[in-house]
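A quick write-up on the structure given underneath.
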Amino acid sequence: MAHRIHILSDQTINQIAAGEVIENPASVVKELFENAVDAGASHIAIEILGGGFQSIRISDNGSGMSDADALLCLKRYATSKIASAEDLMQLQTMGFRGEALASIAAISSVILTTSVQDGYGVQIQVKGGEVVSVQPSARAKGTTIEVHSLFYNVPARKKFQKTAIASSAEITRIASSLALAHPYIGIELIQQRKTIFSFSAAQKDASFLALLQKRSAELLGAHFESHMHTIHFQENGCIMHGLIGGPRITRYNRSGQHLYVNNRPVHCMPFTFAIRDGYGTRLDSTRHPIYVIHIEIDPSLIDVNVHPQKKEIRLREEERMKATMRTAVQRALQSLNHLVALEIDIPAAQTGSMPSEARVLSPTALYCAEKRTSSSDVYEKQTQFLLQQEIKVIGLFKHFLLIEASSLSPRLFGPLSSEGVIWIDLLAAEARILFERLMSTYGKQSSQSLLLPITFSCSNAEAERLLCSLNELNQLGMQLRSIGPTVFIIEAIPACLEEKEIANVLHAIASSLTDDSISNSDTRIKRCAQMICQKVRSCVKTFSLSEALHLVKELTNTCNALHCPQGKPTFYHQKTDAIERYFQS
Ligand code: ADP
Ligand code: MG
């Protein structure tokens with residue numbers, strides 16, 4: 001009987017493998033660029049025609065290859081970067097799988113020109129994985145790889161490709177990310193003969209952050225440049241450095257997030273969450289921060305061999321690394337606040353203008369990081385002068401107070417000035433004040449005992465999350481006890497809540513505790529407190545003028561007066577010229 005099973009031909013194997021490594025023209029650019037980096041190039045040029053479907057040409061001034069290596073590099077599993085599986089533990093190169101060139105060559109026409117010595121070189125032409133010609137070729141030391149007619153022999157793959165225009169955009173995105181990944185390497189991107197960007201190579205002693213700043217200003221826009229803070233943090237042999245955008249420039253998706261581990265662009269959710277956590281309550285829960293962060297770490301602490309395109313990594317000491325990252329971001333944001341604090345003029349006549357009960361807040365470790373300085377007297381002094389002596393009220397509308405901007409210290413809001421008007425959302429202000437009070441009295445929270453305990457039932461998933469947070473809830477004044485797999489008895493609630501609100505608050509807490517946050521006690525405390533405050537904020541309520549003024553005074557004494565605990569703004573500043581422009585337009 002004839003065999004039904006047979007071994008696939010090398011060409012078919014390569015075409016299948018290409019499906020994993022080469023998703024689209026942008027992945028060809030990434031693979032060839034990283035090969036040039038591994039070859040020690042200091043300058044790499046990328047030239048694209050027709051979104052990369054027509055041609056991709058990448059030239060470098062790296063080590064080049066001998067004639068024999070040039071022929072070998074096109075074979076599958078041919079690599080100069082590792083010799084055994086143990087080498088994966090100490091990986092210093094971008095590539096290591098020996099798959100990219102063979103995969104690309106299997107699904108296109110490739111012309112490889114390379115030279116190890118100026119003037120002498122070799123040119124090899126390959127089509128659909130078969131060598132068509134090998135001939136001597138003059139070239140300066142380095143390598144040029146041209147890829148034509150990508151996917152010409154894999155129509156199924158071609159059908160699922162984007163248009164040339166969309167593919168060009170994707171190439172620009174990947175090339176920009178690579179330019180931020182290797183700030184010392186000169187890089188030039190040319191599409192349809194037009195230069196998209198060009199950065200020259202830098203000396204080894206040039207400042208890493210200065211180079212990154214220059215590139216990100218051009219690639220991520222002036223908006224990022226004017227709101228970025230530098231990160232530089234080192235702990236346990238791990239260096240985290242780069243730039244993070246302030247809470248005012250966020251996005252609805254993660255497209256502004258550039259994370260590099262040992263210069264490799266990666267997705268790593270534990271880091272993504274830790275960075276977000278570092279922003280504390282400055283961010284709206286629906287928004288994502290923008291950043292360019294580089295992590296330099298001992299290669300033995302990460303596993304990069306988990307994704308064919310090496311887009312993902314696994315961390316060996318995840319919790320420790322996440323904590324380091326969180327602290328790095330907290331410090332970066334704190335350093336800006338230091339500046340604000342130190343810049344503030346302290347007019348002697350205003351000493352003691354704040355009600356004393358509003359000033360005395362001793363925050364827990366969790367949100368200390370959001371304070372302007374941890375316990376220095378600069379902070380103590382500063383908080384007294386955020387308000388000018390007199391608040392010039394224009395009016396109260398619903399739960400919004402309208403005041404003249406000159407009522408607040410001109411330096412409180414950095415870019416905001418003291419002219420124009422400011423709207424203050426009193427509900428947001430109340431939520432912020434309450435949040436800080438809950439956090440500062442954590443563990444000493446006064447709660448109101450219920451005459452008749454309330455029974456609360458929920459889903460299995462919710463119960464699981466609440467069970468993990470019983471201690472935190474108790475410390476926040478919510479006395480809760482489990483009496484069945486999905487049923488709890490509530491015996492006391494925080495003084496700021498009403499009995500009828502408690503079930504909604506508990507449901508909200510359970511759904512805000514994601515798998516990632518549940519493992520960290522600080523995050524659990526924060527989520528519980530945020531949800532309690534959220535409830536208070538969502539009330540329909542009016543304020544008297546004296547209540548409103550008291551709130552504003554208390555608000556300016558909080559650690560993060562600009563945002564409610566959910567990261568939504570508490571203030572809205574309208575400059576005079578903006579109002580005038582509106583009426584004249
Ligand atoms: P990998 O990068 O995983 O080793 P590739 O298929 O991308 O696999 O490349 C195979 C080999 O070809 C590399 O290990 C390297 O020795 C050589 N090579 C590829 N591109 C270049 C280049 N631009 N300059 C010098 N050598 C190169
Ligand atoms: Mg490679």
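Would you please list the contacts, defined by Cβ atoms under 7 Å and residues six or more apart or on different chains, that run from a residue in the range 222-248 that is of a type in the set (Lys, Arg) to a residue that is outside any strand (DSSP E or B)?
Within 7 Å, the pairs are ARG248/HIS227.
With (1) within 6 Å of ligand 1 (Cβ to nearest atom); (2) in contact with a Lys or Arg (Cβ under 8 Å, 6 or more places away or on another chain); (3) not aliphatic (A, V, I, L, M) as the list, and LYS81 as the residue in question, which single condition is left unmet?
(2)
Quick check on the range 77-99. Is at least one of its residues out of contact with any strand residue (DSSP E or B) (no Cβ under 8 Å at 6 or more places or on another chain), within 12 Å of ligand 2 (Cβ to nearest atom), over 17 Å from PRO308 (Cβ atoms) and without any contact (Cβ under 8 Å) to a residue 40 or more places away in the chain?
Yes.
For residues that are over 20 Å from SER459 (Cα atoms) and at pLDDT 80 or above, tally how many sit in the range 492-531.
Matching residues across the range 492-531 total 12.
Among (1) farther than 30 Å from ILE13 by Cβ; (2) out of contact with any Lys or Arg (no Cβ under 6 Å at 6 or more places or on another chain); (3) in contact (Cβ under 8 Å) with a residue 40 or more places away in the chain, there is one condition PHE197 misses while meeting the rest; what is its number?
Only one criterion is unmet by PHE197, namely (3).
Among the residues of the range 284-326, write down those that are of a type in the set (Gly, Ala, Ser) and under 20 Å from the mean Cα position of the chain (by Cα).
SER285, ALA323
What pairs can you find where one residue is in the range 562-585 and farther than 30 Å from MET439 by Cβ, the other is at pLDDT 85 or above, and their Cβ atoms are less than 6 Å apart, with a gap of 6+ or different chains?
Once the first residue is farther than 30 Å from MET439 by Cβ and sits in the range 562-585, its partners that are at pLDDT 85 or above give GLN574/GLY420; GLN574/VAL421; LYS575/GLY420; THR576/GLY420.
Being surrounded by 13 or more Cβ atoms within 10 Å (Cβ to Cβ), over 20 Å from ARG437 (Cα atoms) and not acidic (Asp, Glu) is the filter here, so list the residues in the range 488-507 that pass it.
Listed by number, the residues that qualify are PHE488, ILE489, ILE490, ALA503, ASN504, HIS507.
Please verify whether SER115 is farther than 23 Å from LYS159 by Cβ, more than 10 Å from ligand 2 (Cβ to nearest atom) and buried (at least 17 other Cβ atoms within 10 Å of the Cβ), treating the condition exactly as stated.
Yes, satisfied.
Would you check which residues across the range 433-460 are among the small types (Gly, Ala, Ser) and more than 16 Å from ARG524 (Cα to Cα) and list them? Step through it out loud before you land on a result.
In the first step, residues of the range 433-460 are kept if they are among the small types (Gly, Ala, Ser); the result is 440, 443, 446-447, 449, 457, 459.
Hits for the range 433-460 are SER446, SER447, SER449, SER457, SER459.
Name the pairs whose Cβ atoms lie under 7 Å apart, with the first residue in the range 148-160 and of a type in the set (Ser, Thr, Tyr), the second surrounded by 13 or more Cβ atoms within 10 Å (Cβ to Cβ), and 6 or more positions between them or separate chains?
Partner pairs satisfying both residue conditions: SER149/SER108; SER149/SER109; TYR152/SER108.
Taking strands (runs of 3 or more DSSP E) that do not extend beyond the range 174-286, which have at least 2 residues that are farther than 30 Å from LYS526 by Cα?
By residue number, 186-191, 194-199.
Restricting attention to the range 41-76, which residues are part of a loop (DSSP other than H, G, I, E, B) and away from ligand 2 (no atom under 14 Å from the Cβ)?
Going through the range 41-76, the residues part of a loop (DSSP other than H, G, I, E, B) turn out to be 41-42, 53-54, 61-66, 73-76.
SER42, PHE53, GLN54, ASN61, GLY64, SER66, listed by residue number.
Can you name the residue in the range 84-114 that is in contact with a Gly (Cβ under 8 Å, 6 or more places away or on another chain) and part of a helix (DSSP H, G or I) and is also farthest from ligand 1 (Cβ to nearest atom) among such residues?
Selected residue: ALA106.
Out of everything in the range 41-55 that is within 20 Å of MET94 (Cα to Cα) and surrounded by 23 or more Cβ atoms within 10 Å (Cβ to Cβ), what residue ends up being farthest from ligand 1 (Cβ to nearest atom)?
ILE46
Every residue in the range 19-40 that is part of a helix (DSSP H, G or I) and either within 11 Å of ligand 1 (Cβ to nearest atom) or of a type in the set (Phe, Trp, Tyr) (or both), please.
VAL21, VAL28, LYS30, GLU31, LEU32, PHE33, GLU34, ASN35, ALA36, VAL37, ASP38
The values are calculated or read from the model by the stated rules, or taken from the named source; none is laboratory data. Since we're looking at a predicted model, the values are computed, not measured. Note that each Cβ is placed from the backbone with ideal geometry, even for glycine, and that neighbours are counted across all protein chains shown.
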